Amino acid sequence: MTVRFLGIDLAASPQRPTGICRIRGRRVETANVYGDDELLAFIGNIKPTFVGIDAPLFLPVGRCCLRNDCTCPRDIHFRECDLELRRRGIRFFPITLGPMRMLTDRGMHLAAILTALGHTLLETYPGAAQDVWGIPRQRNTPGLRKGLRRFVEFDRRRMTCHELDAVTCALLAKLHAQGRTELIGRADEGWMVLPSASI
């Protein structure tokens, strides 16, 4: 069976662009998509084995949702993987912060669909991976593209920051299949995939 790798830089809103990347060897193919139907159709055409998604895919232990009208504890804001990022000095947005709630809901919804279809889902965080590799984050798009050329080959087409983060997610999915990543988090909550420091 052919193992295929896909990366998704998921937007919180279906009206905003979601970057998507397929990686084959060192070559990448990217695009921007919008609604869930368009995204799922793209995924269905590729049939990836491993999918790295830049979106929270699980909640902190103790919370069943992020709604303000629920009885689950509203003072729990961080997952173990978030706390580990903080211990390492890696900047991130808590999943209970404003727009992150929408992204978390969308990420968990899509993860349930894709898992049911047989894909292996990995929560990734491009900013953290880029920090580990010592390359710029997406706000410096030319620098990020240049930094990613250590790992992949681009065509001459200009790419959005969302596509470049999707490249990072796809690369993490590939590295994970090769045993070249580490997992942070906890078994009863969920894991985030980071590149091994030695990459």
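Read-outs throughout are calculated quantities, based only on the coordinates presented, and are distinct from any laboratory measurement. From a predicted model like this one, the values you see are computed outputs, not experimental measurements. All Cβ positions, glycine included, derive from the backbone under ideal geometry; neighbour counts span all protein chains shown.
Does the stretch 14-62 classify as rounded, prolate or oblate by the C-alpha gyration tensor (a ≥ b ≥ c root eigenvalues; a/c under 1.5 gives rounded; else a/b over b/c gives prolate, otherwise oblate)?
Values: a/c = 2.00, a/b = 1.37, b/c = 1.46.
Since a/c reaches 1.5 but b/c is at least a/b, the shape of the stretch 14-62 is classed as oblate.
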Equivalent-ellipsoid semi-axes (√(5λ), Cα gyration tensor) for the chain, whole Å, largest first? 26, 19, 16
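Which percent, to the nearest 5, of DSSP beta bridges fully inside the stretch 5-195 are antiparallel?
Numbers: 18 of 29 bridges.
Approximately 60 percent, going by the DSSP bridge assignments.
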Rounded if a/c is under 1.5, else prolate if a/b is larger than b/c, else oblate: which is the stretch 110-170, with a ≥ b ≥ c the root eigenvalues of its Cα gyration tensor? prolate
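Restricting to Cα pairs below 8 Å that are 6+ residues apart, what does the relative contact order work out to for the chain? Please round to a whole percent. Walk me through the intermediate numbers first.
On the way: 369 pairs, mean separation 60.0, N = 199.
Once divided by the residue count of the chain, the mean separation gives 30 percent.
FRET efficiency for Arg86 and His109, Cβ-Cβ distance as r, R0 = 25 Å, nearest 0.05?
Values: r = 27 Å, r/R0 = 1.06.
So, using R0 = 25 Å, E works out to roughly 0.40.
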Using just the helices of the chain, give the 222 nm mean residue ellipticity in deg cm²/dmol: DSSP H runs with n ≥ 4 each add -39,500 (n - 2.57), and the total is spread over all residues, rounded to 500. -11000 deg cm²/dmol
Provide the packing ranking of 80-89, 100-109, i.e. peptides ordered by the mean count of other C-beta atoms within 10 Å per residue, highest first. 100-109, 80-89
